Amino acid sequence: MPSFDTIIIGAGPNGLAAAYRLATKGAKVLLLEAGAIAGGGANGLAHLSYNLDPRVLSEMGLPKLGLAWADSELATTALSPDGKHLRLEGALAERISGEVSAADRKAWAALRGRLLRFAKVLSPLNQMTPPRIAKGADTPLFKLGMIGLKARIMGAKNFRELGRILLTNVFDLLEDEISDPRLKGALAFDAVLGGWAGPRSPNSVLPWLVRLSGQTLGVQGAIGLPKGGMAAIGAVMVKAVADKGVELRCNARVARILVEGEKVAGVMLEGGEDLRADRVVSSLAPKTTLLSLVGARHLDAGMTTRARHQKSRGGAARLSLVLKALPDFMGANPKDRLVIAGSDRDVELAFNPVKYGRVPERPALEIVIPTAHEPAKDGMHRVSIVAQFAPHAPADREAARKAMLAACLSQLETHAPGIGKLVTSAEILMPYDIEDQFGLPGGNWHAGELSVEQMLFLRPMPGIAQYKGPVPGLWLASAGCHPGGGISGSAGWNAALAMEAAE
Ligand SMILES: Cc1cc2nc3c(=O)[nH]c(=O)nc-3n(C[C@H](O)[C@H](O)[C@H](O)COP(=O)(O)OP(=O)(O)OC[C@H]3O[C@@H](n4cnc5c(N)ncnc54)[C@H](O)[C@@H]3O)c2cc1C
């Protein structure tokens with residue numbers, strides 16, 4: 001008799017969310033984490049909260065366990081090298097301060113309203129299992145129909161506009177409506193954050209709507225910074241699962257998923273230890289789970305091919321700086337989320353070379369200074385940066401890493417003259433470093449690109465979009481599944497619900 005009925009691989013937000021939900025329903029859960037601590041991408045990769053799942057927040061009781069916010073509606077400052085910044089306050093830039101024409105303010109207010117309205121219509125999708133299209137009107141398909149109906153109820157004009165927005169690219173959308181380059185730059189950056197797509201790439205509005213469908217403390221489109229940083233979210237989730245009796249083993253890297261008699265029998269750890277359970281839930285990227293842990297010999301040829309072809313290119317680098325003093329971004333509020341994007345055209349220009357494995361001259365940067373909110377004991381300042389775009393497969397990794405660091409520092413120097421002299425340490429993780437350290441294939445934010453052909457019932461790939469893996473007893477629960485990535489726990493929670501429904 002196995003002592004655990006369920007083994008979960010990976011203790012990132014999705015593994016933790018799935019573990020909690022399954023344990024509350026009586027499962028005996030063993031959670032295996034390769035790293036020294038649990039939390040996954042919340043430890044050192046993610047720096048802001050966009051879409052923490054409301055079910056995870058409230059049902060796991062995270063506030064009671066100590067999750068608090070340094071700011072739950074962080075303002076964004078779109079930096080300009082001449083110091084004429086734009087400050088965007090409230091969820092999705094509700095209020096703009098700085099010199100912007102009345103026409104642009106009006107156009108943005110209208111476009112913002114539409115985007116939030118459409119994102120709200122889409123938000124129930126985050127909490128559902130994608131429908132199995134081939135099987136006719138099962139429950140999820142019915143729910144999908146209801147969402148379609150809600151979209152239709154908005155009226156013919158809005159419905160048409162939703163269709164247009166879903167199919168267009170963000171560059172054209174912004175060019176049609178707004179003229180201020182700073183505003184267009186900051187918005188285009190938001191739209192392509194974490195994706196392998198420039199503003200002019202097809203369907204680049206859709207992933208933006210998906211992110212906007214998330215919320216922070218009930219406010220749709222708001223960006224949060226937890227006290228203690230994003231690692232605090234991982235830490236309280238760990239407390240929550242411990243309270244439910246989940247056994248967490250860190251430094252336990254799974255080398256293989258055991259398949260016996262054509263069904264899952266447990267896992268083997270690196271080092272050879274076998275752990276048995278009839279149900280194995282992987283919160284690792286589907287590609288890694290299927291090709292590395294299960295292995296092609298247990299999959300049919302079609303599934304292996306689909307897994308190999310699943311697109312997983314990461315375009316974001318992560319830069320961490322330690323500074324002797326607080327940098328001055330020409331008067332910008334250091335507590336804000338600072339964005340260096342230039343214009344929508346500049347964001348596109350930062351993507352172009354990356355397509356061919358090269359480093360952009362002027363990457364777009366999202367900068368957070370956590371020590372402006374909570375001073376560090378050593379008196380130093382920490383600056384955390386997501387840089388877009390960075391090549392995931394350059395010809396020379398070391399040279400690309402150096403060039404990317406230099407390009408980021410040069411961008412920073414242009415917007416905060418003298419910052420370079422304050423830097424005492426700089427660590428950059430390129431997409432390939434992120435793959436090595438965090439296990440996200442290609443370093444992709446979503447553990448598999450969140451592009452239109454890899455969404456909903458096509459995510460992670462046709463045939464296994466309902467969290468049930470291709471081998472009996474195997475379940476998939478990572479960001480690579482619907483609805484995608486972020487420190488949200490949505491995929492893990494949804495997967496646990498799908499397992500309950502299957503029992
Ligand atoms: C550059 C970058 C910046 C990002 N910034 C943000 C941000 O600011 N905000 C945000 O919300 N999201 C951000 N993300 C996305 C976010 O980090 C991921 O989408 C999220 O971590 C996915 O959660 P997960 O639980 O599916 O997987 P993960 O968080 O990756 O967790 C998987 C866990 O499995 C463990 N593991 C791996 N292999 C094994 C194995 N063989 N055996 C056992 N355990 C294993 C890993 O150590 C890890 O703990 C960013 C991503 C990138 C690439």
Q.
With θ taken as phi - 60° and the coefficients 6.51, -1.76 and 1.60, list the Karplus ³J(HN,Hα) couplings across the range 458-469 in order, rounded to whole Hz; mark glycine and proline as x.
A. 9, 10, x, 6, x, x, 10, 7, 9, 6, 7, x
Q. What is the local net charge at Gly473, summed over the other residues whose Cβ is closer than 9 Å to its Cβ (Lys, Arg +1; Asp, Glu -1)?
A. +1
Q: For Lys106 paired with Ala406, estimate the spin-label separation in nm (one decimal), with each label point 7 Å from Cα along the Cα-to-Cβ line.
A: 4.8 nm
Q. Per residue, how much space in cubic angstrom lies within the convex hull of the C-alpha atoms of the range 348-503?
A. 161 Å³
Q: Order by neighbour count: Thr77, Thr414, Thr168, Thr371, fewest other Cβ atoms within 10 Å first, most last.
A: Thr414, Thr168, Thr371, Thr77
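Could you compute the net charge surrounding Glu89? Neighbours are other residues with a C-beta less than 10 Å from the C-beta of Glu89; K and R count +1, D and E count -1.
On the way: positive: Arg87, Arg95; negative: Glu73, Glu94, Asp336.
Summing Lys and Arg as +1 and Asp and Glu as -1 gives -1.
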Q. What base-10 log of the normalised intensity I(q)/I(0) is obtained for the chain from the Debye formula, alpha carbons as equal point scatterers, at q = 0.07, 0.13, 0.14 Å⁻¹?
A. -0.36, -1.28, -1.47
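For the range 205-305, what percent of Cα pairs sit more than 22 Å apart?
Numbers: 2726 of 5050 pairs.
Percent of Cα pairs beyond 22 Å in the range 205-305: 54.
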Q.
Helix 490-502 against the longest principal axis of the chain: what's the angle in degrees, Cα atoms only, rounded to the nearest 10?
A. 30 degrees
Q. Taking Lys84 as the anchor, which lysines have their alpha carbon closer than 28 Å to its alpha carbon, excluding any fewer than eight residues away along the same chain?
A. Lys106, Lys184, Lys324, Lys335, Lys421
**Q.** Dimensions (Å) - the range 301-404, Cα atoms, principal axes, largest first
**A.** 56, 31, 25
Q: Translational diffusion coefficient, Stokes-Einstein: compute it for the range 275-329 using the Kirkwood radius over C-alpha pairs as Rh, at 10 °C and 1.306 mPa s, and state it as an integer in µm² s⁻¹.
A: 106 µm²/s
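Which whole-number percent gives the relative contact order of the range 156-222, counting Cα pairs below 8 Å spaced six or more residues apart?
Values: 62 pairs, mean separation 21.4, N = 67.
Result for the range 156-222 is 32 percent.
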(Q) Just to confirm the number: angle between the C-alpha axis of helix 139-153 and the first principal axis of the chain, 0 to 90 degrees, nearest 10? (A) 20 degrees
Q) Each label point is 7 Å from the Cα along the Cα-to-Cβ direction; what then is the distance between the points at Lys421 and Leu166, in nm? A) 5.5 nm
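Based only on other Cβ atoms within 10 Å, what is the fewest-to-most ordering of Leu349, Leu248?
Details: Leu349 17, Leu248 20.
Lowest to highest Cβ neighbour count: Leu349, Leu248.
Report, in deg cm²/dmol and to the nearest 500, the calculated mean residue ellipticity at 222 nm for the chain, where each DSSP H run with n ≥ 4 adds -39500 (n - 2.57) and the sum is divided by the residue count. Numbers along the way, then the final one.
Values: 16 runs with 175 residues, N = 503.
Theoretical 222 nm ellipticity from helices: -10500 deg cm²/dmol.
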Q: Within the set of other residues whose C-beta is less than 13 Å from the C-beta of Gly485, count the net charge using Lys and Arg as +1 and Asp and Glu as -1.
A: 0
Q | Label-point gap, in nm, between Arg249 and Ala501 - each point 7 angstrom along Cα→Cβ | A | 3.2 nm
Q: Take the alpha carbon atoms of the range 308-337, find their center, do the same for the range 67-90, and report the distance between the two centers in whole angstrom.
A: 14 Å
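Using Cβ counts within 10 Å as a stand-in for footprinting exposure, how do Tyr20, Tyr50 rank, fewest first? Don't skip to the end; give the middle numbers.
On the way: Tyr20 27, Tyr50 21.
Lowest count first: Tyr50, Tyr20.
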Q: Could you calculate the FRET efficiency of Gln437 with Glu59 from 1/(1 + (r/R0)^6), where r is the beta carbon distance between them and R0 is 30 Å, rounded to 0.05?
A: 0.50
Q: For helix 102-122, report the angle its Cα long axis makes with the longest principal axis of the Cα atoms of the chain; keep it between 0 and 90° and round to the nearest 10°.
A: 0 degrees
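For Lys84 and Asp274, FRET efficiency with R0 = 60 Å and r from the beta-carbon atoms, rounded to 0.05?
Numbers: r = 63 Å, r/R0 = 1.05.
Calculated value: 0.40.
Read the figures in this text as sums done on the coordinates, not as results from a lab. Everything numeric here is computed off the predicted structure, so don't read it as measured data. Reconstructed Cβ throughout: ideal geometry from the backbone, glycine too, with neighbour counts over all protein chains shown.
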